[in-house]
1. Which condition number in (1) free of Cβ contacts under 8 Å to residues at least 40 places away in the same chain; (2) within 30 Å of residue 108 (Cα to Cα) is the one that residue 227 fails?
2. For the stretch 72-109, give me each residue that is more than 16 Å from the ligand (Cβ to nearest atom) and open to solvent by less than 10 Å² (accessible area, probe 1.4 Å).
3. So in the stretch 203-216, with the set limited to residues that are crowded, with 24+ Cβ neighbours inside 10 Å and of a type in the set (A, V, I, L, M, F, W, C), which one is farthest from residue 158 (Cα to Cα)?
4. Only one of these conditions is not met by residue 171: (1) within 16 Å of the ligand (Cβ to nearest atom); (2) of a type in the set (Ser, Thr, Tyr); (3) surrounded by fewer than 17 Cβ atoms within 10 Å (Cβ to Cβ). Which number is it?
5. Considering only the stretch 23-37, how many residues are within 25 Å of residue 353 (Cβ to Cβ) and away from the ligand (no atom under 11 Å from the Cβ)?
6. Please verify whether residue 129 is in contact (Cβ under 8 Å) with a residue 40 or more places away in the chain and buried (at least 18 other Cβ atoms within 10 Å of the Cβ), treating the condition exactly as stated.
7. If I ask for residues that are hydrophobic (A, V, I, L, M, F, W, C) and more than 17 Å from residue 109 (Cβ to Cβ), which ones from the stretch 144-177 would you list?
8. Can you tell me which residue in the stretch 178-201 is nearest to the ligand (Cβ to nearest atom), limited to those that are in contact with a Leu (Cβ under 9 Å, 6 or more places away or on another chain), under 30 Å from residue 109 (Cα atoms) and open to solvent by 30 Å² or more (accessible area, probe 1.4 Å)?
Amino acid sequence: MPRPIRASIDLEALRQNYVIARNKAGQAKAYAVVKANAYGHGLANAIQALGPVADGFALLDLAEARALREAGLTQPIVLLEGFFEPADLADIVALGLTPTLHSEAQLTLLERAALAAPIDVMLKINSGMNRLGFAGDALGATLARLRALSWVRSITLMTHFARADDEIGISTQMARFKTFTSGLDLPVSLANSAALLRFPEAAGQVVRPGIMLYGASPMPDLHSAEALGLKPVMTLSSEIIGVQTLSPGERVGYGGTFEAPGPMRIGVVACGYADGYPRHAPTGTPILVGGRRTRTLGRVSMDMLACDLTHLEEAGIGSPVTLWGQGLAADEVATAAGTISYELFCALAARVPVRVMEG
Ligand SMILES: *Cc1c(COP(=O)(O)O)cnc(C)c1O
């Protein structure tokens, strides 16, 4: 028998979350962000759930873009970091991809390319995040050079918000973007999940929801995923494989970081950091045993972690455990561990068997 750990992927939840994003987008197209193996959920699963419904897709790797085309998808596919060397441009043409163009180096490559067929591009502008994108004052010259290329069929202006998910919001970046682009009659793509959910004025012509599709909130401190109507797509579950009875003063796990204040009963779960559970999750991180909430205890090991069964008399070896997902928001676990749901999902290890639920 394999270890009892597994990740269940709920395709219907993924589809429904996309519909929520789509409805929020109004007239704009909603391109599903499926980078990083669909945020750890499996690209093939995202293709199955979203292939028939999504207006388009956004990702980073040519190999992932090729997988979408090989699955027969014909929608636009945006490469969020564009291309890296001249050879990539031949693949972009062959696969009909929409690269982001964010640097002078890329523009020069595109000018020298003389492509065999026209492509659409996303021209990325740095409006204040200071990650990728052309400076606003370079925009006029950049556009003139792009428009001179007969193999550039369409240009969408794009930017990315640094603080759409917090109290600062998008107003400063929006104002800069509008100043840079005033008078240009071109479609725009601005919004990630947080901007789409909080700032409908930023919808533009193409929105780029990612995390919300997977049923987590981009701003769990402000709005829970449940309050946003989002359903968890990934549920990481396992079982209790060991039980220990502790006397007061006994310690749990490597480093003995947790000390029992009184008599306790603890359960050992077949899930550790080699499965993708965060090692830095401290004592007290929420976990479900037999559908009831309890807390983790001590350090997370490579293959196991411990939890408190003192008040769960009926729990024992074989009891089902939920690490996150259905019944326990990944956002809650992430917050307790000082990280974000994105990182939990992306870290799901290859050794964890995945069960796909068609819904
Ligand atoms: C990852 C990414 C997104 C999606 O962000 P979420 O917060 O997951 O919605 C959108 N746009 C760009 C450029 C990205 O890199």
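1. Status for residue 227: all satisfied but (2).
2. 89, 92, 107
3. Checked the stretch 203-216; the qualifying residue farthest from residue 158 (Cα to Cα) is 216.
4. (1) is the only condition that residue 171 fails.
5. So the answer is 1.
6. Spelling it out, it is not the case that residue 129 is in contact (Cβ under 8 Å) with a residue 40 or more places away in the chain and buried (at least 18 other Cβ atoms within 10 Å of the Cβ).
7. Across the stretch 144-177, the qualifying residues are 144, 157, 158, 161, 162, 164, 168, 170, 174, 175, 177.
8. In this case the residue turns out to be 187.
The values are calculated or read from the model by the stated rules, or taken from the named source; none is laboratory data. Keep in mind that what you see is a predicted model, and the values were worked out from it rather than measured. A quick note on method: Cβ atoms are made from the backbone with ideal geometry, for glycine too, and the neighbour counts reach across all protein chains shown. Side chains included, ligands, DNA and RNA excluded: accessible areas come from the protein's heavy atoms. Shrake-Rupley method; radii C 1.70, N 1.55, O 1.52, S 1.80 Å.
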